[in-house]
Amino acid sequence: VQLQASGGGLVQAGGSLRLSCAASGRTFSSYAMGWFRQAPGKEREFVAAISWSTDDTYYADSVKGRLTISRDNAKNTVYLQMNNLKPDDTAVYYCAADSYYRGSYYSSHGMEYWGKGTQVTVSS
């Protein structure tokens, strides 16, 4: 599975960005996709995950109500709509894929496949 993330950039606090991740290569009918992020000097953390075949989603508490994950099956693309961004959201955001959806498991574990990150910088 190859993953290509895009859409990062510089935005002021309170602003919005939408990240995209296009998947190609081997695909699974029941797989999951998600977003993780890593801020300078910090460990990678889970942001959001979505099942490719159901409406199941799972979010980190820190982003609930502000970030929304969605998918377009026809385009093999997952999105992360980020609203009301805060300086603490500044990080490299990574798209990831897993062979099946595992919900809350991702709070403390990663996924099988990873793309290169895209930088999101939120200025105060």
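The values are calculated or read from the model by the stated rules, or taken from the named source; none is laboratory data. Quick caveat: nothing in here was measured; it's all calculated off a predicted structure. Here Cβ is always computed from backbone atoms with ideal geometry, including for glycine, and neighbour counts include all displayed protein chains. These accessible areas exclude ligands, DNA and RNA; they are computed on the full protein's heavy atoms, side chains included. Shrake-Rupley method; radii C 1.70, N 1.55, O 1.52, S 1.80 Å.
Mind jotting down the distance between the C-alpha centroids of segment 90-113 and segment 55-77, whole Å?
Measuring centre to centre over Cα atoms gives 12 Å.
Under a 1.4 Å probe, what is the accessible area of the chain per residue, stated in Å²?
With all protein chains present, the chain gives 51 Å² per residue.
Ignoring ligands, DNA and RNA, what percent of the accessible area of the chain is carbon or sulfur (1.4 Å)?
The value for the chain is 44 percent carbon and sulfur by accessible area.
Find how much the distance from SER123 to GLN4 grows on full extension, using 0.36 nm per residue of separation minus their present alpha carbon separation; answer in nm with one decimal.
40.3 nm
Please report, in debye to the nearest 20, how large the charge dipole of segment 9-124 is about its Cα centre when each Lys and Arg carries +1 at its beta carbon and each Asp and Glu carries -1 there.
Computed about the Cα centre, the dipole is about 220 debye.
Need one number: convex hull volume per residue for the chain, Cα atoms only, in Å³.
Normalising the Cα hull of the chain by residue number yields 89 Å³.
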